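Worksheet: one structure, shown below.
The values are calculated or read from the model by the stated rules, or taken from the named source; none is laboratory data. The structure presented is a predicted model; accordingly, all values stated were derived computationally and were not measured. Positions of Cβ are backbone-derived with ideal geometry, glycine not excepted, and every protein chain shown enters the neighbour counts.
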């Protein structure tokens, strides 16, 4: 029922690299924390992670149904997802150095939470990402497919909450580091994260091909 430890470690490594790569979500958390303090930054992170669960649940139910109806179709989704991960990795890799400016609007904590949930739920790229990402780690021979999706989804949420929560709490120090002439460090961060995601996308089909060779 539970995924293998090696799979979980690989998964958490991929989630870590994806989450630390500077993008709209983590930049918004930093802006909110910079504008209104640690509490607003932490609530923004919590809202984004809450919205992510909706995508995880829909992906888990939808992909489980696909697997039950057609293993071949699931394999197509899986390998198309691997190709999409390579594409995401390349987009991250060639992204310019991030620069974060302050957002001086003072929003109520409840408003920030609701706003970030909607930001996450209404983002079609998030839905597409989970459709591509989760199938790479699921053991299709198990009878607990949906449970595995949920486990991986919750692990993603916890990791994202820890990282984005940290950014929200310490937004002032982090944004000062990124903006005060440390453009080179930001570029290295995006390149390392992008390279890791591309490697992940290439690794999954290679593992399956190797397994076929071993069987023959």
Taking into account only those residues within region 9-41 that are crowded, with 21+ Cβ neighbours inside 10 Å and over 30 Å from residue 111 (Cβ atoms), which is nearest to the chain's Cα centre (by Cα)?
14
Please work out if residue 72 is modelled with pLDDT of 75 or more, in a helix (DSSP H, G or I) and within 22 Å of residue 24 (Cα to Cα).
no
Which of the following residues is part of a helix (DSSP H, G or I), surrounded by 16 or more Cβ atoms within 10 Å (Cβ to Cβ) and modelled with pLDDT under 80: 51, 89, 47?
89
Test: residue in region 1-8 that is buried (at least 19 other Cβ atoms within 10 Å of the Cβ), under 16 Å from residue 140 (Cα atoms) and more than 15 Å from the chain's Cα centre (by Cα):
yes
Subset of region 1-43, residues over 23 Å from residue 169 (Cβ atoms) and part of a loop (DSSP other than H, G, I, E, B), comes to 1, 2, 3, 4
Does region 173-194 contain at least one residue that is part of a helix (DSSP H, G or I), modelled with pLDDT of 70 or more, within 15 Å of residue 14 (Cα to Cα) and more than 14 Å from the chain's Cα centre (by Cα)?
yes
Quick count over region 113-166, residues being crowded, with 16+ Cβ neighbours inside 10 Å and not in a helix (DSSP H, G or I), is 3
Tell me which residues, restricted to region 70-85, are under 19 Å from residue 195 (Cβ atoms) and either in contact with a strand residue (DSSP E or B) (Cβ under 9 Å, 6 or more places away or on another chain) or surrounded by fewer than 18 Cβ atoms within 10 Å (Cβ to Cβ) (or both).
83, 84
